[in-house]
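The values are calculated or read from the model by the stated rules, or taken from the named source; none is laboratory data. Because the structure is a prediction, the values reported are computed rather than measured. Quick reminder, even Gly has a Cβ in these numbers, built from the backbone with ideal geometry, and neighbours come from all protein chains shown. What goes into the accessible areas is simple: the full protein's heavy atoms, side chains included, and nothing from ligands, DNA or RNA. Shrake-Rupley method; radii C 1.70, N 1.55, O 1.52, S 1.80 Å.
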Amino acid sequence: MLVTMNGVRLSYGRWPALDKIDMEIRQGEFVVISGASGAGKTSLLRLIWMGDRPDSGIVDVSGFRSDRIRKVELPQLRRKIGIVFQDFRLLHTRTVFDNVALPLQVTGTGNRIVQKRVISLLARMGLSHRRNAFPHELSGGEQQRVAIARAMVAHPVILLADEPTGNLDPEVSMEVVELLLEINRAGTTVVMATHDPRQVPAGKGRFLFLDKGVLRGADRWTELDSDS
Amino acid sequence: MSLVKSALREISLNLHSRPGARLVTLLMVALAFIVFNTFLIISWNLQGIMDREENLVGMEVFLYRGISQAEGRLIGDHISSMQDVKSVYFVSPQEAEALFRADLPGRADLLDVMGTDFRLPASLQIVFETEAISQGRISELSRQIGAIAGVEDAVYGEDYLPGLLKTVTTIRRLVILLGIVLVSSISLVVFYTVRLSVVRRSLTVDIMRTVGAPWWFIRIPFVVEGIFMGVTGSAGGLALAAILSKVLSSAVTHRFMPMSWITLVILLGAVTGTVGALAGSYEKER
Ligand SMILES: Nc1ncnc2c1ncn2[C@@H]1O[C@H](COP(=O)(O)OP(=O)(O)OP(=O)(O)O)[C@@H](O)[C@H]1O
Ligand SMILES: [Mg+2]
């Protein structure tokens, strides 16, 4: 089991953002977490990369337990996790190449390996010709592809994508989802949070639905669909 | 090895980014330090003046005319061994005469009139330990010294001493109080300015965190930046204060700060800058 949550509760201030979360994610899964704005999707992902720790319950990610992990161990956990955000979060002052190379450089990977890996990854993502560009010179779709490349460059076991298509038009969104599915087919576990689960074709993933901080189980997106 | 290299690269990237914002921060820090340095220069000079004033608080002990040089020195040794006495200087009749001629050249004829047999009395110039100086202690010492055989009279500034001592003490206390207030406010200004300039880059910190950078790797560029801004800011403040001091030196005679104070000012800049940068890069992790 890659991720396990048992009786997890997380609150910011008075009200719980997440409550009674029991969840398991297996190696190689493509998990789609949907729910309305404020339902707790981002919070759930933050628990996985341990940007937050639960008030009660335990989160276990690849053997790192939220109740035991020490602060100095957090970087080790995060090197196993790739994260993609809605707003891309690229460093504006660095080129595409340097943005993608960052996760390798912070672990002291040798320069030759960095060059090789970043160049081949950019080629696979169709970004080779943009490698010396700065983020503001790219389209939204390109920026998100750079962010995904950055998340994947260190070969994480799990890729977390928080509304990766939130700032993109439908056509580009489809491309990004397709890219995530491809990454998943190549073996990486993917957890994608989105307010619109219809972006992912049924049968291509496991669908979870968050309702005001409570997990409502699988395949509820059809219900959500009929609601709207 | 590669990690150290990447860290160095981060440090240099960080120092080269946002030159405008950094300049503003540096100016703020330097300005804060000009205020502080001006205060330091004034209090350093005040210190000098007060030390000189206090050194004037001595005593002149006149010896009987029959006392020989050797006896005079013996009395001097005795006084010198008394508590709170810092130094005793023996003034022989010849020296007294020379001093008289030097101090009052117009009245030298007085000595000539007295003839070659006339001798000014030998005396002892006494300086007290600065900390010991108090009205009561000095009059007590004057009584004790006056009672020593061979001493004709022990004179000190009975009339101006109390006022002087009170003024000096008050000024000292005020300077220390003002110093504490200034050190705290300068520290706060530097701390918050540097912190703000680092907080503006919290996105970088966030990204570094999510890609698994070790905490020292994330913080070291900011620490270096904090030291850099603290040191250059305070050194800039010192340089500006030095220029100001130079310009004003013809109008007001004064001296610049001693090296030890300059070092402390730069250290203060470095420490507050570093702490500010660290605080700015600090992220709450639950
Ligand atoms: N840092 C925070 N401080 C206080 N409350 C927070 C914080 N982050 C999230 N919350 C609250 O927790 C709840 C869940 O927020 P979360 O961001 O996880 O929702 P979400 O499903 O990701 O929403 P969205 O689709 O808008 O991104 C919300 O009620 C939100 O207001
Ligand atoms: Mg969210």
Note on A:L44: of the conditions (1) away from ligand 2 (no atom under 16 Å from the Cβ); (2) open to solvent by less than 20 Å² (accessible area, probe 1.4 Å); (3) closer than 29 Å to A:K204 by Cα, unmet is (1)
If you check A:S120 against the conditions, is it more than 16 Å from ligand 2 (Cβ to nearest atom) and either free of Cβ contacts under 8 Å to residues at least 60 places away in the same chain or in contact with a strand residue (DSSP E or B) (Cβ under 8 Å, 6 or more places away or on another chain) (or both)?
yes
Of the residues in the stretch A:16-38, those that are within 16 Å of ligand 2 (Cβ to nearest atom) and loosely packed, with under 13 Cβ neighbours inside 10 Å come to A:S37, A:G38
Here the residues within the stretch A:62-83 that are hydrophobic (A, V, I, L, M, F, W, C) and more than 10 Å from every other protein chain (Cβ to nearest Cβ) are A:F64, A:I69
query: Hey, does the stretch A:145-160 have a residue that's away from ligand 1 (no atom under 16 Å from the Cβ), open to solvent by less than 10 Å² (accessible area, probe 1.4 Å), touching a His at 6+ places or on another chain (Cβ under 6 Å) and not β-branched (V, I, T)?
result: no
Per the filter on the stretch B:6-16, residues without any contact (Cβ under 8 Å) to a residue 60 or more places away in the chain and within 8 Å of chain A (Cβ to nearest Cβ) are B:R9
In the stretch A:103-119, anything under 17 Å from A:A151 (Cα atoms) and not in a loop (DSSP other than H, G, I, E, B) is listed as A:P103, A:L104, A:Q105, A:I113, A:V114, A:Q115, A:K116, A:R117, A:V118, A:I119
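I need the full set of residues from the stretch A:62-84 which are in a loop (DSSP other than H, G, I, E, B) and open to solvent by less than 20 Å² (accessible area, probe 1.4 Å), in order please. Write out each step before concluding.
As a first pass, look at the stretch A:62-84 and keep what is in a loop (DSSP other than H, G, I, E, B): A:62-63, A:66-70, A:80.
Result: A:S66, A:I69.
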Of A:A193, A:A202, the only residue that is out of contact with any strand residue (DSSP E or B) (no Cβ under 6 Å at 6 or more places or on another chain) and either under 26 Å from A:D98 (Cβ atoms) or not charged (D, E, K, R) (or both) is A:A202
Of those in the stretch A:104-126 that are within 12 Å of chain B (Cβ to nearest Cβ) and of a type in the set (G, A, S), the residue farthest from the chain's Cα centre (by Cα) is A:G110
For the stretch B:243-273 the number of residues that are under 22 Å from B:T193 (Cβ atoms), open to solvent by less than 70 Å² (accessible area, probe 1.4 Å) and of a type in the set (A, V, I, L, M, F, W, C) is 5
The condition of being of a type outside the set (G, A, S), more than 30 Å from A:V106 (Cβ to Cβ) and not in a loop (DSSP other than H, G, I, E, B) holds, among B:V265, B:V252, only for B:V265
Picked from the stretch A:51-61 (must be at pLDDT 95 or above and either on the phi > 0 side of the Ramachandran plot or crowded, with 18+ Cβ neighbours inside 10 Å (or both)), the residue nearest to the other protein chains (Cβ to nearest Cβ) is A:P54
If we keep only residues of the stretch B:200-230 that are modelled with pLDDT of 90 or more and open to solvent by 50 Å² or more (accessible area, probe 1.4 Å), then the residue farthest from the other protein chains (Cβ to nearest Cβ) is B:I227
Among helices (runs of 4 or more DSSP H) entirely within the stretch B:1-120, at least 3 residues that are surrounded by 13 or more Cβ atoms within 10 Å (Cβ to Cβ) occur in B:2-16, B:19-56, B:69-80, B:93-103
Note: among A:H92, A:H129, A:H155, just one is within 13 Å of chain B (Cβ to nearest Cβ) and over 27 Å from B:I11 (Cβ atoms), namely A:H155
